[in-house]
1. Among 108-119, 76-87, what's the highest-first ranking by average C-beta atoms within 10 angstrom per residue?
2. With label points built 7 Å along Cα→Cβ from the Cα atoms of Thr164 and Leu133, find their separation and express it in nm.
3. Taking the simple approach of a point 7 Å from Cα along Cα-to-Cβ for both Gln119 and Leu181, what is their distance in nm?
4. Using θ = phi - 60° and the Karplus relation 6.51 cos²θ - 1.76 cosθ + 1.60, list the HN-Hα couplings for segment 137-149 in order, rounded to whole Hz, with x at every Gly or Pro.
5. Pull out the extension gain between Ile200 and Tyr103, defined as 0.36 nm times the separation in residues minus the alpha carbon to alpha carbon distance; nm, one decimal.
6. Can you compute 3J(HN,Hα) from phi for each residue in segment 215-228, using the Karplus curve 6.51 cos²θ - 1.76 cosθ + 1.60 with θ = phi - 60°, rounded to whole Hz and x for Gly and Pro?
7. Take the alpha carbon gyration tensor of segment 91-170, find the square roots of its eigenvalues, order them as a ≥ b ≥ c, and report rounded if a/c is under 1.5; if not, report prolate when a/b exceeds b/c, else oblate.
8. Packing-wise, with mean Cβ within 10 Å as the measure, how do 134-146, 54-66, 206-218 rank, highest first?
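No value in this document is a laboratory result; all are computed from the given coordinates. Every value quoted in this text rests on a predicted model; they were computed, and no experiment measured them. Using ideal geometry, Cβ is built from the backbone for each residue, glycine included, and neighbour counts are taken over all protein chains shown.
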Amino acid sequence: MTRSRIAYLSIFLFLILVLAGCSSSQLAPIDPNNGIWDRFFVYPLSFMLDWFANVLWGEYGLAILVVTIIIRFLVLPLTLKQYRSSKAMQEIQPEMLKIREKYKDNPQKVQEETMKLFQKHGVNPMAGCLPILIQMPILIALYHAIMRNQEISTHNFLWMQLGTPDPYFILPTLAALTTWLQQKVMSTQITPQMQTLMIIFPIMIFVMSMSFASALPLYWIYSNLFTIVQSYFLYARPNQNDRSKQKGGLSK
């Protein structure tokens, strides 16, 4: 597992724990005059939700979908930067393993040679973490815009009341399932640690979705589906192409 993947999972876990500590009853109504956070982050997203709901026949469930897609496309350049950084780290992994094996009794030498390797290939091991850190305020702001929008809490979408938990546990189940699928598609290198996290995260999402207002797990489902499609093109398809090239080379 690469360092960027570990950082991603750690930050994701932290974000989940932060959201778990915030129930909808504890979130105050959005006030655009109440500081920089509400004025420049939460209120614009809440306004977008209201605007798209008016366009989409008053359906806030569809408005959440549209705003989620817009936000995910806006942060897509950061995601691509993170992917390129992760790809570069994977490409030099064999050389890093050789260094660790060669200087296994000298940790300081391992660190020196590893830094030289990074400089040689122009790789920054922390470059994959920066896009994640930049995305976090945007995602948290969208969470606040959904949970603190008073209109959303009073509207229905399909079988659900957006301001109350899903009584049939359909949303928690879908949120957990899409979280697992998202991780499955993104996992180019499965390790025992990753296997454990792939079980823990969906369970956490399911348990929290049982008590959260339906609007939030609905957003998670939309976001997970977007990530599944995005990750397929970023991770799964390149690997398939690499295997095809390897087979072609062997046949020659």
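1. Going from most to least packed, we get 76-87, 108-119.
2. Roughly 4.3 nm, to one decimal.
3. 4.7 nm
4. x, 5, 5, 5, 5, 5, 4, 5, 4, 6, 6, 9, 7
5. Taking Ile200 through Tyr103 to full extension adds about 31.4 nm, to one decimal.
6. Per residue, the Karplus-derived 3J(HN,Hα) values read 4, 6, x, 4, 4, 4, 4, 4, 5, 5, 4, 4, 5, 4 Hz.
7. It is prolate, given that a/c is not under 1.5 and a/b is the larger ratio.
8. So the peptides 134-146, 54-66, 206-218, ranked by packing, come out 206-218, 134-146, 54-66.
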